[in-house]
Amino acid sequence: QPRFGQEVQLDKIAEKLKLDPAELRLGIVAKPNSLTANWLKIGTIGLAECIRQAEGVAQKIAGIGDESQAAAAEKNLTGELGAAQARLVELKKMPEALGNAHSECPLCGQLLDGEHKKKFLDERAAETQAVAARGQSLQQQLEGAREKLEEITQAGKALSGLRQKISFLEPIAG
């Protein structure tokens, strides 16, 4: 794979010279209507535009993040959201369970008198609001993670298409 070796060396040269690898490549792309070392005339060439597009996609991917990170975030958020929803169901059932006159406090096991029961229910109402707010926040984060994952997927497809163009253009440009 001599072409791969050449690309690796170009990356190393760019690193040593503290140049952007894409800019280095753009500087050595043959110009349209020029002659090669063995006197072949190059007509039009799309390699420079392809490099620019690949650089744009690479920058977009770098700005978006890693697909596995986005997938892991989506999975974690889905789990947290499920736990919050399950807790909300439990909290909504508590007042019904405490409707009986001789109810025991689920926390301390004592019989619930009027004041104890009111305090317990007030605390559960506050917890219900907090869990509902957390659930809404998690839902928004999950939607954002899914959008990010879709962006990464689309950018990967664009990069794959550019790789195909480059592989087609290399024999023409080389």
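Numbers at a glance
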quantity	calculated
Close pairs (8 angstrom Cβ cut-off, 6 or more residues apart or separate chains): among the acidic types (Asp, Glu) in the stretch 133-160, surrounded by 12 or more Cβ atoms within 10 Å (Cβ to Cβ) anywhere	151/60; 151/64
Lone qualifier among 52, 25 - being open to solvent by 100 Å² or more (accessible area, probe 1.4 Å) and basic (Lys, Arg)	52
Any hit, the stretch 14-25, residues being at pLDDT 85 or above and touching a Pro at 6+ places or on another chain (Cβ under 7 Å)	yes
Odd one out for residue 30, checked against (1) in a loop (DSSP other than H, G, I, E, B); (2) modelled with pLDDT of 85 or more	(2)
The stretch 77-120, residues that are open to solvent by less than 40 Å² (accessible area, probe 1.4 Å), at pLDDT 80 or above and either of a type in the set (Val, Ile, Thr) or over 30 Å from residue 148 (Cβ atoms) (or both)	91, 120
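The values are calculated or read from the model by the stated rules, or taken from the named source; none is laboratory data. Source: prediction; values computed, not measured. Methodologically, a virtual Cβ is constructed for each residue, glycine included, from the backbone with ideal geometry; neighbour enumeration extends over all protein chains shown. Please note that ligands, DNA and RNA were not included when accessible areas were found on the heavy atoms of the full protein model with its side chains. Shrake-Rupley method; radii C 1.70, N 1.55, O 1.52, S 1.80 Å.
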